[in-house]
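Taking it in order: structure first as structure tokens, then the write-up.
The values are calculated or read from the model by the stated rules, or taken from the named source; none is laboratory data. As the structure is a prediction and not an experimental result, all values here were calculated from the model. So basically every Cβ, Gly included, is an ideal-geometry build from the backbone, and we count neighbours across all protein chains shown.
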Amino acid sequence: MTELKRVAIIGGTRIPFCRSNTAYANLSNLDMLADTLQNLVDRYGLTGRKIDEVIAGAVTTHSRDWNLAREAVLSTSLSPATPGTTLQMACGTSLQAAMLCAGRIASGQIDCAIAAGSDTTSDVPLVFQRRFAQRLVKAGQARDVMGRVRAFKGFRPGELSPQAPANGEPRTRLSMGEHCELMAKQWGITRAEQDLLALESHQKAARAYQGGFFDDLVNPYNGVARDNNLRADSSFEKLATLKTVFDRSASGTLTAGNSTPLTDGAAAVLLTSEEYAQTNGLQVQAWLTHARTSAVDFVGGEGLLMAPTVAVSELLKASGLSLQDFDFYEIHEAFAAQVLCTLKAWESDEFCRETLGLSGPLGAIDRNRLNVKGSSLALGHPFAATGARILGTLAKLLQNQNSGRGLISICTAGGMGAAAILEKA
């Protein structure tokens, strides 16, 4: 068997993330992805270079985005001989893209790759009702005027009502927020705990910007210099005034303040083999050493966003590490409650034994090492871009510390989760 090669994270870049229908309201996934890729090209001197693979995607797409990754590549100064593959795995899209790139690099199939993601909820696809769409097809196939007229026989004005993308799981009809409310109740997560986590995320992100951490990670774009969801002046008292949005009864706990907003943005990360980095004078920030994707039976009653607990457990087993063997924990903050449920599950003897099949609890983490530069609650969450954002952030954290190891955990729609381990180069 061929020995696996080490997979290097050279670095990442992104544009500022912006709340839906604000600064990027007139931009498309292709606009943001192409410009973000170009930023990566400029940063690492890749103009004219053929990259072995670019894997990227978006969650909210139009039919015109039929091969978003390839079209984005052709919109940059990369060699047009660079192939592009479009991928979609909800909020785990760009982390999964990195996993696929890493697998091909480790096996020796390729030497360099870019993983990326872009998403906009400002430019959502609105389509006709199915009945009216079928009429248009029949009219287009008709051979004469009367045939086109017959295609609209029995037409009702209601058929013109547009259909927006569904904001719920197809199999449960519940939104992600409604599912997370159920999780919060199951695990006893209070409103105050959620608001505190959200506040800490904003405070950490504000300090990171003030300290210059994001200077080389975030490129000003379309007149925006930093993520416009960030509230440096947020307070626990302000968060406490917000009304619940997914369960408006007295038992509801999720608000707009402790849930991520709909967000537009894009992010990308460059991965290579060790040999490619050395040959091309690229400094390695970190190594991507392990990765795992898992799923849970949320239709059967398991928490929709609890799959990362499984992915991390399997990842730890494969790597021979414990949950406490990390300097940094980057847990995607889809909702504050999701992060808190995950942490509580890892500490639960019953959950770890019965659900994860372990001999005891994974245990608690040092919360001072959690999302130390803020995360999605403060920075925003363009679905497909979040994985690449986190990879770029964690790789830089490890480079700055010049030692250590970091754990990534991302929940996704469809009851799935993705996890990965980075180690300092």
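Quick look at the numbers
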{"read-out": "Top-ranked residue of region 342-387 - restricted to ones that are in contact with a Pro (Cβ under 7 Å, 6 or more places away or on another chain) and not β-branched (Val, Ile, Thr), ranked as surrounded by the most Cβ atoms within 10 Å (Cβ to Cβ)", "value": "Gly380"}
{"read-out": "Counted residues, region 66-90 - those being in a loop (DSSP other than H, G, I, E, B) and in contact (Cβ under 8 Å) with a residue 40 or more places away in the chain", "value": "5"}
{"read-out": "Only listed residue being farther than 19 Å from Phe17 by Cβ, out of contact with any Ser or Thr (no Cβ under 6 Å at 6 or more places or on another chain) and among the charged types (D, E, K, R), chosen from Lys204, Lys238", "value": "Lys238"}
{"read-out": "Hey, Glu302 touching a residue at least 60 places away in the same chain (Cβ under 8 Å), under 26 Å from Asp215 (Cα atoms) and of a type in the set (D, E, K, R) or not", "value": "no"}
{"read-out": "Matching residues in region 152-177 - criterion: being surrounded by 14 or more Cβ atoms within 10 Å (Cβ to Cβ) and farther than 30 Å from Asp297 by Cα", "value": "Glu159"}
{"read-out": "Residues satisfying the stated conditions in region 343-372, i.e. charged (D, E, K, R) and closer than 19 Å to Ile410 by Cα", "value": "Lys344, Glu347, Asp366, Arg367, Arg369"}
{"read-out": "Residue check, Thr241 under 29 Å from Thr120 (Cα atoms) and either at pLDDT 95 or above or assigned by TED's automatic domain parsing to the domain that holds Asp349 (or both)", "value": "yes"}
{"read-out": "Qualifying position, being at pLDDT 95 or above and part of a strand (DSSP E or B), among Ala115, Ala98, Ala184, Ala102", "value": "Ala115"}
{"read-out": "Region 180-195 residues that are not assigned by TED's automatic domain parsing to the domain that holds Arg248, paired with ones that are part of a loop (DSSP other than H, G, I, E, B) (beta carbon under 8 Å, 6 or more apart)", "value": "none"}
{"read-out": "Within region 163-181, tally of residues that are hydrophobic (A, V, I, L, M, F, W, C) and in a loop (DSSP other than H, G, I, E, B)", "value": "3"}
{"read-out": "Selection within region 47-65 - assigned to a loop (DSSP other than H, G, I, E, B) and within 16 Å of Met32 (Cα to Cα)", "value": "Ala58, Val59, Thr60, Thr61, His62"}
